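J.: Structure provided below as structure tokens; questions to follow.
Computed from the coordinates by the stated procedures, all read-outs in this text should not be read as laboratory data. All figures in this text were calculated on a predicted structure; none of them were measured in a lab. Neighbour counts are summed over all protein chains in view; Cβ atoms, including those assigned to glycine, are modelled from backbone coordinates with ideal geometry.
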Amino acid sequence: MSPPLFWVDHVPDAGDVVRLDGDEGRHAVTVTRVVVGERIILGDGAGHTGLCEVIATEGKSALEARVLETVATGSPEPRVTVVQALPKSERSELAVDLATEAGADEIVPWQSARCVAKWVGPKADKGVAKWRSAAVAAAKQSRRAHIPTIAPLARTSDVRTMASDVVLRGGVVAVLHESATTSLRSLDLAVPEIMLVVGPEGGLDDSEIDDLTAVGATAVMLGPEVLRTSSAAAVALGAIGAMTSRWEVRPRW
């Protein structure tokens, strides 16, 4: 099993001694129960990680560790952005958790026409904050070197613009739809970036599909099963990982 990962603002150089305190230090000492002599990974969430050996613990909320070696991990290619229509409240953060564990580089919350959930006013800021916290936790659990970006809430007009830009840059926009006649694996994924569009529980509105396909997106089906909105992105990311070089990037430790 790989060592546990904890977040820091900056990963020191090999040979340096670093102090881990605050919430991360408390989690390491009290929850994970790290002890002297064990190894941990420190990461900044932007691709830099360091393998460390714990040399001292302080009470229940801090430790000191010596950095043994460091590595800078590049982002996998092609880059994948998930545009996720807002799921119902009980599945909202689950969608982010699964997409993060599956490797999404950016997740965009989308107020789609048929979303049951409505993020209005201050609720949008709270929703984005919860998604960011879910992404941080999921990235830690899955030992990711990069924490995915959580974008501000997008409207359909925003998603259309994003899709158009991706296509103009030579990327692929795949709109996941259960009635599509094109399969995901039939797309040419030898591109610099991919945008996955996931609809809500009630499905995508026809006007949304028309809007996106008009700017070059392709409606695709993942497989014979109809997936929940909270798991569709993770399944698509797994398929993309197997069909491209994304899964060739492996953790160092």
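J.: Once the piece of chain linking residue 113 and residue 68 is laid out straight, how much longer is it, given 0.36 nm per residue of separation minus the C-alpha distance between them?
T.: 11.1 nm
J.: When we measure straight from the Cα of residue 60, which lysines land under 28 angstrom away, once same-chain ones fewer than 8 places off are left out?
T.: Of all the lysines, those that pass the test against residue 60 - Cα under 28 Å, at least 8 places apart if same chain - are 130, 140.
J.: Taking only DSSP H segments of four or more residues, each worth -39500 (n - 2.57), what value at 222 nm results for the chain once the sum is divided by all its residues, to the nearest 500 deg cm²/dmol?
T.: -9500 deg cm²/dmol
J.: Full extension from residue 179 to residue 125: what is 0.36 nm times the residue separation minus their Cα-Cα distance, to one decimal in nm?
T.: So the chain would gain 16.1 nm between residue 179 and residue 125.
J.: Okay, moving on. Give the long-range amide H neighbours of residue 68: residues separated by 5 or more places, or on another chain, with amide H under 5 Å away, using H modelled in the peptide plane at 1.01 Å from N.
T.: 15, 51, 52, 53
J.: Can you compute 3J(HN,Hα) from phi for each residue in the stretch 197-212, using the Karplus curve 6.51 cos²θ - 1.76 cosθ + 1.60 with θ = phi - 60°, rounded to whole Hz and x for Gly and Pro?
T.: Here the 3J(HN,Hα) series is 10, 10, x, x, 4, x, x, 6, 6, 4, 5, 5, 5, 4, 4, 6 Hz.
J.: Counting Lys +1, Arg +1, Asp -1, Glu -1, what net charge surrounds residue 135 among other residues with beta carbon under 12 Å of its beta carbon?
T.: -1
J.: Measure off 7 Å from each Cα along the Cα-to-Cβ vector at residue 137 and residue 245, then give the distance between these two points in nanometres to one decimal.
T.: Placing both labels 7 Å beyond Cα along the Cβ direction yields 3.6 nm.
J.: Report the calculated FRET efficiency for residue 155 and residue 186 (r = Cβ-Cβ distance, R0 = 25 Å), to the nearest 0.05.
T.: Once rounded, the FRET efficiency stands at 0.25.
J.: Given H placed 1.01 Å from N in the peptide plane, which residues other than close sequence neighbours of residue 82 have an amide H under 5 Å from its amide H?
T.: Those qualifying (amide H under 5 Å, at least 5 residues apart or on another chain) are 105, 106, 107, 108, 196.
J.: Give, in nm to one decimal, the length gained when the segment between residue 168 and residue 205 is fully stretched (0.36 nm per residue of separation minus the Cα-Cα distance).
T.: 10.9 nm
J.: Less than 19 Å apart at the alpha-carbon level, and either on another chain or at least 8 residues along: which lysines does that give for residue 123?
T.: Cross-link targets: 88.
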